[in-house]
Amino acid sequence: MAKRSCGQRSRSLAQYIDHQLSGDPAHSMLMIKYLGVPAPFGDFYRGGLTATQTAAQALHGKGFADLNAQQAATWCPGCPRAR
């Protein structure tokens, strides 16, 4: 199985979040519903994704989905590193 790039993983995550946000919040599998954030959850995720995009653009001159694995790994120091 071929390794997926950071951009591919980011798009997959975006598709998952989009799918979860498009349904009934009571059936959502997103962890946010367990953290006491009131539905609808779209604004919460939209704000976070916008901030991530803005920060990636400021730091690297490109969107988060376009970062290479090493650049993306700096965003999550505890996450597994690209090999």
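The values are calculated or read from the model by the stated rules, or taken from the named source; none is laboratory data. Since we're looking at a predicted model, the values are computed, not measured. Glycine also receives a Cβ, built like all others from the backbone with ideal geometry; neighbour counts cover every protein chain displayed.
The table below gives the values:
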| quantity | calculated |
| --- | --- |
| Residue in region 49-62 that is nearest to residue 14 (Cα to Cα), counting only those that are surrounded by 12 or more Cβ atoms within 10 Å (Cβ to Cβ) and under 12 Å from the mean Cα position of the chain (by Cα) | 49 |
| Selection count, region 15-34, where residues are surrounded by 11 or more Cβ atoms within 10 Å (Cβ to Cβ), without any contact (Cβ under 8 Å) to a residue 24 or more places away in the chain and assigned to a helix (DSSP H, G or I) | 7 |
| Near pairs, Cβ below 9 angstrom, 6+ apart or cross-chain, from region 35-61 (free of Cβ contacts under 8 Å to residues at least 40 places away in the same chain) to any residue that is among the small types (Gly, Ala, Ser) and assigned to a helix (DSSP H, G or I) | 39/26; 49/14; 53/65; 56/65; 56/72 |
| Whichever residue in region 23-65 is modelled with pLDDT of 85 or more and of a type in the set (S, T, N, Q) and, among such residues, is farthest from residue 75 (Cα to Cα) | 50 |
